[in-house]
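A short worksheet on the structure shown next.
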Amino acid sequence: MMKPLGLGYQKIYMCPNFCMLYYLENAEMTECMTYGHSRYKPRTGRGKTLMAYKKLRYFPITSRLQRLFMSPRTAENMTWHQSHDAVDGVMVHPSDDEAWKHFNSVHPHFSAKSRNVRLGLCTNRFNPFRSFVAPYSCWPVILTVYNLPPGICMKPEFMFLFMVIPGPSSLV
């Protein structure tokens with residue numbers, strides 16, 4: 001149901017030691033380059049399918065960012081970071097910070113276009129089942145669109161789940 005909307009996800013296998021992804025040029029590898037750990041669990045019984053130790057879920061962000069520019073009102077808000085009036089010494093938005101201004105001076109081609117998207121990334125491990133008995137944990141990675149005004153950019157509908165990384169005690 002979600003895939004036709006551009007909201008599908010991609011499974012990417014990873015080393016159980018969290019040291020590499022089996023992706024792009026490493027997609028066909030069966031052992032970790034660093035530790036030599038097998039990519040797949042040993043087969044048991046008559047099962048023919050190989051089970052990976054760890055799988056990262058990646059949710060492509062491009063189509064979701066493109067949707068922000070499809071609505072005229074949201075598209076107008078996507079340039080707010082460049083057009084708002086900043087007050088010296090008062091930080092209302094990340095665009096008021098010295099780091100943002102330094103980035104603009106180092107990358108003038110990027111900062112010249114107000115429609116270029118600036119993202120913030122945050123993550124934290126948690127146990128989705130709220131029980132310390134359940135042997136599962138994960139790291140959701142969330143992207144925040146900093147082009148938007150402060151009253152909008154932190155709303156859940158403008159914060160995008162980008163990846164779910166299995167934690168050290170995940171099942172798969």
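The values are calculated or read from the model by the stated rules, or taken from the named source; none is laboratory data. Everything numeric here is computed off the predicted structure, so don't read it as measured data. Heads up, the Cβs are rebuilt from the backbone with ideal geometry, glycines too, and the neighbour counts pull from every protein chain shown. To get the accessible areas, we keep the full protein, side chains included, count just its heavy atoms, and leave off ligands, DNA and RNA. Shrake-Rupley method; radii C 1.70, N 1.55, O 1.52, S 1.80 Å.
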Check Ala75 against each of (1) open to solvent by less than 70 Å² (accessible area, probe 1.4 Å); (2) in contact with an Asp or Glu (Cβ under 7 Å, 6 or more places away or on another chain) and name the one condition it does not meet.
-> (2)
Identify, please: which residue in segment 135-157 is in contact (Cβ under 8 Å) with a residue 60 or more places away in the chain and among the β-branched types (Val, Ile, Thr) and is, among those, least open to solvent (accessible area, probe 1.4 Å)?
-> Val145
Name the one entry in Gly8, Gly45, Gly36 that is on the phi > 0 side of the Ramachandran plot and open to solvent by less than 70 Å² (accessible area, probe 1.4 Å).
-> Gly36
So Leu24, is it surrounded by fewer than 16 Cβ atoms within 10 Å (Cβ to Cβ) and not basic (Lys, Arg) | yes
Count - residues of segment 49-67 that are open to solvent by 80 Å² or more (accessible area, probe 1.4 Å) and in a helix (DSSP H, G or I) | 3
